[in-house]
Amino acid sequence: MRPHLLEAVKKAIEISNPPPVNEADTCVRIIYPLLLAAGYDYKDIKSQDENAAKGKPDYTLLPESEEHMWFLEAKTWNARLDVQTATQAVNYVNAHGKRWVVLTNGKDWLLYDNDMKGRAEEKLAAEFTLRDKQFVSFLEALSKPSVTGGKLEPFVQNQRLYATLAGQLGDPKSDVVRAIGKVIKAMPGLSRVTNGEVVDYFKESNGVQPGIIASVAREETIQPGTSSSHKGNGLCLTKIDRSDVTGKKPEVLRLGNGMEIKGETWREISLNLAKVLLDQGLAGNVPVFSGKKAKSALVALKGGPGTKGMRSPAEVTCQGRSYVVETHFSAKGHIRMWTILLAAARQSASECELSLALG
């Protein structure tokens with residue numbers, strides 16, 4: 001099946017230029033052919049009746065199987081898949097007592113797991129774009145043989161495990177690192193080992209080579225900062241896909257005026273960027289949310305509105321005031337956070353230079 005899926009994805013990318021003009025065009029040109037390539041027959045894909053009552057998804061997959069039925073909600077190509085659309089999609093699976101729903105505009109594919117607790121956006125189990133190198137694996141996991149064979153759940157679990165460990169093992173204060181540190185310190189001759197050294201071990205074991213750099217370009221006006229003569233090579237920060245960052249370590253977020261936001265982890269760069277932006281005007285727009293309906297903030301005054309519900313808040317100080325910054329993200333999530341913070345600070349995020357140490 002994989003060669004067939006590779007060809008189908010390649011064709012979908014080619015046919016997306018020019019982009020679909022509306023939702024129906026997106027379904028006909030992109031979504032429906034990919035579902036057929038994933039092994040679903042016409043009888044396996046039930047589209048919503050135009051006269052049906054509201055509360056039904058655009059597509060029901062495997063409608064004759066109570067055990068394996070799942071849903072897909074389609075949007076037009078340029079639609080933003082935000083908290084509101086996620087809530088809409090998850091409400092469908094809630095209403096029908098099912099587990100899985102895909103929300104897609106054809107280029108972005110978000111899989112939600114209704115077995116996860118929390119708000120709709122917290123049920124995001126996997127996220128890929130059409131151009132991701134791993135998109136074929138995602139489509140394979142969504143294929144009919146995979147779903148009926150019980151292979152979708154292990155795929156999602158692995159995605160969740162990797163994202164969680166990537167965040168936990170890069171943070172000396174995380175629960176996982178503290179637990180490992182406690183065990184290590186109880187062993188003979190290791191009582192003085194620090195949690196930072198535990199994190200360093202995992203960084204080294206990932207085989208990161210700091211000298212190998214991939215860059216992306218940006219135009220920026222933030223000042224002041226340390227200067228740099230380095231120039232990027234043209235990739236856009238807002239267009240980085242999951243395959244660009246999965247399994248890689250960041251080195252520096254380099255702004256267009258040469259200012260460098262350094263860090264050894266995605267979390268560290270996010271915190272350092274927040275400090276810089278708070279010092280340069282972001283504080284006036286705090287709290288900053290990821291969307292209009294988000295209940296917890298990305299950055300907020302300590303103890304202020306938006307702090308309730310933050311999953312991994314880290315405290316930073318700026319001009320004598322204490323702020324908290326959300327840090328519970330995958331690598332792609334941190335990059336999305338940067339674009340939101342830059343926009344809130346009235347800075348351009350469309351062209352930004354990011355250097356990565358590739359592992």
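Laboratory data are not the source of any read-out in this text; all were calculated from the coordinates shown. Here the structure is a predicted model, which is why all the values come from computation and not from measurement. Don't worry about glycine lacking a Cβ; one is built from the backbone with ideal geometry, like all the others, and counts go over all protein chains shown.
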> Gain in length, residue 6 to residue 200, computed as 0.36 nm per residue apart minus the alpha-carbon separation, to one decimal in nm?
Replying inline: 66.1 nm
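What per residue convex hull volume, in Å³, do the alpha-carbon atoms of region 2-159 yield? Can you show the working numbers first?
Working: hull volume 16.9 nm³, N = 158.
Cα-based convex hull of region 2-159, divided per residue, equals 107 Å³.
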> Sorted by mean Cβ packing within 10 Å, highest first, what order do the peptides 312-321, 130-139 take?
Replying inline: 130-139, 312-321
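Give me the extension gain from residue 42 to residue 193: residue separation times 0.36 nm, minus the current Cα-Cα distance, reported in nm with one decimal. Please list the in-between numbers first.
Working: separation 151, 0.36 × 151 = 54.36 nm, distance 5.98 nm.
Taking residue 42 through residue 193 to full extension adds about 48.4 nm, to one decimal.
Which semi-axis lengths, in whole Å and largest first, follow from the square roots of five times the eigenvalues of the Cα gyration tensor of region 73-167?
Details: eigenvalues 69, 55, 42 Å².
For region 73-167, the ellipsoid semi-axes come out as 19, 17, 15 Å.
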>> Just to be sure I understand the model, the point goes 7 Å from the Cα along the line to the Cβ. What's the resulting residue 119 to residue 162 distance in nm?
In response: 2.7 nm
>> Which residues among region 93-107 fall inside the zone where the amide N is under 20 Å from a point 7 Å beyond the Cα of residue 13, along Cα→Cβ?
In response: 104-107
